[in-house]
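What follows is one structure encoded as structure tokens, with my remarks underneath.
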Amino acid sequence: MKIEENLIAKIKEHALFAVLLDPDSSETDAFCEIGKAAFEAGADLILVGGSLIGNANLPKKVAELKSLVKIPIVLFPGGASQVVPGFDAMLFTSLVSGRNPQYLIEEQLKGGLIVKSLGIEAFPTAYMLINSGPATAVEYISNTKPIPENKPKLTMAHAVAAELMGMRWTYLEAGSGAEKPIPLEHITLTRKATNLNIIAGGGIITPQDATARVQAGANVIVTGTIWEKKLDINLMKEFARSIHGRD
Ligand code: 1GP
């Protein structure tokens, strides 16, 4: 529980800035370059995942990245095939907004014993996909319907159920490269109704997008695609300052 405890202690001080790395880019230099820049810019953690495809090169790249950064590297798996050694911790997610048993419990069943035997610290996380424009890869591959963007109460109700089932985190997801980030009401209502640690990601491309979601009650802001398009360390620093409330 050490990594989770440390992150939660930090969350009590300020919201956290997370940079997401795509495991499919672990064949390239971009993986470590973006990860190292995130650390230098003041990110609090690195997430790896979101894709639903495994990659044999991943453990080697994670080990390389670990030698370059002093922040936790947390797996955010798209499926059991991504549970590989080397991570400090992982989001043990269930796609609770969907009704596909594969992502509600089957991938977890395939991955659970591996997580245990590797000794990876797991954060129980209710993962929810919220509609934010054209269909995203996660919607297509998970074969689930997102929660409609104008139904924030549905998000809140799923979060309440997840908390009652013992989950401690929820990830409110617009999808990688989404046209726009999730509407604020989904965060506001979930914040009022639960004590879950709220992660918000997908389509966040400006520090203002991030700040608005922190003010609505998000505890962790995730950005990924923006850095794959252009690695701008000054903008990363600006994100860190806005999310940490130091602007
Ligand atoms: C995707 O929420 C993450 O799973 C990050 O989204 O790539 O759009 O920043 P972006």
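The values are calculated or read from the model by the stated rules, or taken from the named source; none is laboratory data. Bear in mind that the values here come from a model prediction, so they are computed numbers and not experimental data. Every residue, glycine among them, receives a Cβ derived from its backbone with ideal geometry; neighbour counts consider all protein chains shown. Note: areas computed on protein heavy atoms with side chains; ligands, DNA, RNA excluded. Shrake-Rupley method; radii C 1.70, N 1.55, O 1.52, S 1.80 Å.
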Rounded to the nearest 10 Å², the 1.4 Å probe accessible area of Ser94 is 10 Å²
Spelling it out for Ala178: with amide H atoms placed in the peptide plane at 1.01 Å from N, the residues 5 or more places away or on another chain with amide H under 5 Å from its amide H are Gly203
Averaged per residue, the 1.4 Å probe accessible area of the chain, protein heavy atoms only, in Å², is roughly 45 Å²
Any DSSP H helix in the chain with Cα axial reach of 24 Å or more and mean Kyte-Doolittle score of at least -1.0? Listed by number, the hits are none
Cα-based Rg and Dmax for segment 3-244, in Å, come out at 16.2, 44
Ordering 103-110, 37-44, 114-121, 181-188 by per-residue average of other C-beta atoms within 10 angstrom, highest first, gives 181-188, 37-44, 103-110, 114-121
Amide H neighbours of Leu21 at under 5 Å, excluding residues fewer than 5 places away on the same chain, with H built from the backbone geometry, are Leu47, Val48, Gly49
Percent relative contact order for segment 116-237, counting Cα pairs under 8 Å at least six residues apart, stands at 24 percent
Under the 7 Å Cα-to-Cβ spin-label approximation, Arg99 and Ile114 lie apart by a distance in nanometres of 2.9 nm
Rounded to whole angstroms and listed largest first, the alpha-carbon spread of segment 1-41 along its three principal axes comes to 35, 22, 12
Largest-first semi-axes in Å of the equivalent ellipsoid built from the Cα gyration tensor of segment 25-120 are 25, 14, 12
In whole percent, the fraction of accessible protein surface over the chain that belongs to carbon or sulfur atoms, probe radius 1.4 Å, stands at 57 percent
Along segment 94-101, Karplus-curve 3J(HN,Hα) (6.51, -1.76, 1.60; θ = phi - 60°) to the nearest Hz, with x for Gly and Pro, reads 10, 7, 6, 6, x, 10, 9, x
Distance in Å, no decimals, from the C-alpha centre of segment 42-96 to the one of segment 111-158 is 16 Å
Checked against a 18 Å limit on the C-alpha separation, the offending pairs among Lys12/Lys192; Lys151/Lys192; Lys61/Lys116; Lys61/Lys230; Lys10/Lys116 are Lys61/Lys116; Lys61/Lys230; Lys10/Lys116
